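This report concerns only the one structure given below.
The values are calculated or read from the model by the stated rules, or taken from the named source; none is laboratory data. Quick caveat: nothing in here was measured; it's all calculated off a predicted structure. Cβ placement follows ideal geometry from the backbone for every residue including glycine, while neighbour counts extend to all protein chains displayed. The protein model used for the area step is the full one, side chains on, heavy atoms only, and it has no ligands, DNA or RNA in it. Shrake-Rupley method; radii C 1.70, N 1.55, O 1.52, S 1.80 Å.
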Amino acid sequence: MTNSYYITTPIYYVNDSPHLGHAYTTISCDIAARNKRLQGEEIFFLTGTDEHGQKIDKAANLAGTDPQKFTDLVSQRFKALVKANVDGTATENLLNITNDDFIRTTEERHKLACKAFWNKLKESGYIYLDKYAGWYSVRDEAYYQESELVNGKAPTGAEVEWIEEESYFFALSKFQDKLLKFYEENPDCIKPKSRYNEVVSFLKTGLKDLSISRTNFNWGIPVPDAPKHVMYVWIDALTNYLTATGYPDENAEKFQKFWKNGNVTHVVGKDILRFHAVYWPAFLMAANLMPKKLQIFAHGWWTVEGEKMSKSLGNVVAPRDLIELYGLEQTRYYLFKAMPFGNDGDLSRDKLIETCNADLSNNIGNLAQRTLSMVAKNCDSKIPTYNDASLTDDDKKLIEETQVTGSNDKFEEQLSNFDFFNIISDLTKISSFANEYIDRNAPWVLRKENPERMNSVLYHLCEAIRCIAIMLQPYCPNSSGKILDQLNVPLEDRNFKDLEKKYYLKPGTTINTPTPAFMKIEIKDNSDLKSF
């Protein structure tokens, strides 16, 4: 039975240009979506931009333009990273992302959804009007209690200011026990486990009602029947996940399939975990809109050469610069080989070059190139034959190693935990074993001494390469596709079900001309190591 999965990035705040963190989150969702599609599941993958709030208003003023023109411009920079034109027309798609929709919170469909969601919360009795006084951070778009301040600043280091204003409130305090019960019953709802523990500990300290409107600026969605108020940016932003499914039409096919009866996965940075794991499920409970299954994955932050990214240090990494210098496939691969998902990671030029050359060019790429070149030269460019009865222990071991793939319990567990680090580590181990298998069996010697054995060795190598390439598709889609093209594997036969024995390569299939799938990263001199 096919399952439906709804995978989302956070919508990115357009007060600045995209950086490494945006690329990492987006690619992680793309990898998850590609993996699920290769399992035969139905996927709806959303990304987009968050375009309201005081930060945007201030940024637009500093740029000497109005907020709408400002967001139109900056949103294009984020659109360039992904498949922004989901109708199939041309788009740059710098990161090779397979999203199904791109949402902007300034779109009419979103304004309609926000107003409907607000009215539903109000009708439920959880919204009331009062006055607010407290410490507010424009950068974080959040209020903080006095006890949370550190040396007069927000816990994030952001500046805060004392704000007093009339505000609508959401009765968040009434959801403490409901949320604790929900997380107790759904211990896999927040991953990794350390983030789950963090949220539960926060909930146990008690919840205060949440201010959800602003009157000191007007760049936002007006509160229904209260035009001097605009919605708190997080009410606005979080509702995007509903908007893209067709809400407020709860009978819409997409809403029914991917929200009400689907498996919803939100991937976020750890800095916005509280908004997604406390505020969002409370809003959904109040509106009676909780999905069938909700999961939140919170990943860590990136440093660059051991230092925190900052404009003052001049080390903020633009995805375009990284890709132009090292390549898209290498960038996608390294970001998930550099650290287990959920941890913090460091972007090191030397490690990136070393890792990608070792794993992709010298290991997987070399395995494919040397094997297929031997098939082209010695087997008339056709997949050779083999005899099951003549399998050696070495052959059996290679076949066994290759079965650490997308159709077993270990892989299912890895995928459910976004454990991309160990998935690709397993693939490089298989490739390393296959390279050692070549050296042990020396098919170039067998060509003269035992041609039948040479054919068998080359067949098993080709089959190992096919399995590796199928499994590597979510991470390095272009290069994996190139290898599968050389093996002449039809597009419809590149799913995880095709890893089973009944889908093995057919002897006699003509292969295409072998060409390197991964180019080695060459650094000629220090000038190539330009600042990110």
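Details
- Screening Leu484 on (1) farther than 17 Å from Cys379 by Cα; (2) crowded, with 19+ Cβ neighbours inside 10 Å; (3) in contact (Cβ under 8 Å) with a residue 24 or more places away in the chain shows it passes everything except condition (3).
- Number of residues in the range 286-313 that are within 20 Å of the chain's Cα centre (by Cα), open to solvent by 60 Å² or more (accessible area, probe 1.4 Å) and more than 30 Å from Phe117 (Cα to Cα) equals 1.
- Candidate set: the range 227-236, residues that are in contact with a Phe, Trp or Tyr (Cβ under 8 Å, 6 or more places away or on another chain) and open to solvent by less than 10 Å² (accessible area, probe 1.4 Å); chosen: the one nearest to Trp280 (Cα to Cα): Ile235
- Residues located in the range 83-128, provided they are in a loop (DSSP other than H, G, I, E, B), among the aliphatic types (A, V, I, L, M) and at pLDDT 95 or above: Leu94, Leu95, Ile97
- Criterion: more than 22 Å from Leu95 (Cβ to Cβ) and among the aliphatic types (A, V, I, L, M) - qualifying residue of Ile430, Ile424: Ile430
- Within the range 411-433, considering residues that are at pLDDT below 90 and surrounded by fewer than 15 Cβ atoms within 10 Å (Cβ to Cβ), the one nearest to Cys29 (Cα to Cα): Ser416
- Pair list, Cβ < 9 Å and 6+ apart or interchain, from the range 336-360 residues that are without any contact (Cβ under 8 Å) to a residue 12 or more places away in the chain to residues that are crowded, with 21+ Cβ neighbours inside 10 Å: none
- Among the residues of the range 198-208, the ones that are assigned to a helix (DSSP H, G or I) and loosely packed, with under 12 Cβ neighbours inside 10 Å come to 2 in all.
- Scope the range 390-410; condition crowded, with 18+ Cβ neighbours inside 10 Å and more than 27 Å from Ala338 (Cβ to Cβ); matching residues: Asp395, Leu398
- Those strands (runs of 3 or more DSSP E) lying entirely in the range 250-312 with at least 2 residues at pLDDT 95 or above: 263-269, 293-299
- Scope the range 378-389; condition open to solvent by 40 Å² or more (accessible area, probe 1.4 Å) and either farther than 13 Å from Tyr459 by Cα or not in a helix (DSSP H, G or I) (or both); matching residues: Asp380, Lys382, Thr385, Tyr386, Asn387, Ala389
- Residue pairs whose Cβ atoms lie under 9 Å apart, separated by 6 or more positions or on different chains, with the first residue in the range 435-449 and under 16 Å from Leu391 (Cα atoms) and the second basic (Lys, Arg), are Tyr437/Lys397; Ile438/Arg370; Asn441/Arg453; Pro443/Arg453; Leu446/Arg453.
- Selected residue (only one of Asn422, Asn435 is farther than 29 Å from Gly508 by Cβ and out of contact with any Asp or Glu (no Cβ under 7 Å at 6 or more places or on another chain)): Asn422
- Listed by position, the helices (runs of 4 or more DSSP H) enclosed by the range 413-531 that each have at least 2 residues that are among the small types (Gly, Ala, Ser) and closer than 30 Å to Ile323 by Cβ are 420-441, 451-472, 477-486.
- Residue among Tyr183, Tyr241 that is surrounded by 14 or more Cβ atoms within 10 Å (Cβ to Cβ), closer than 17 Å to Pro281 by Cβ, among the aromatic types (Phe, Trp, Tyr) and free of Cβ contacts under 8 Å to residues at least 40 places away in the same chain: Tyr183
- Which numbered condition Glu166 misses (of (1) touching a residue at least 24 places away in the same chain (Cβ under 8 Å); (2) assigned to a helix (DSSP H, G or I); (3) open to solvent by less than 90 Å² (accessible area, probe 1.4 Å); (4) under 28 Å from Glu123 (Cα atoms)): (2)
- Residue count for the range 335-377 under the criterion of being polar (S, T, N, Q) and open to solvent by less than 50 Å² (accessible area, probe 1.4 Å): the result is 7.
Okay, residues lined up against (1) modelled with pLDDT under 95; (2) farther than 18 Å from Leu328 by Cβ:
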| residue | (1), (2) |
| --- | --- |
| Arg466 | no, yes |
| Ser480 | no, no |
| Arg494 | no, yes |
| Leu499 | yes, yes |
| Tyr504 | yes, yes |
| Gly508 | no, yes |
| Asn512 | no, yes |
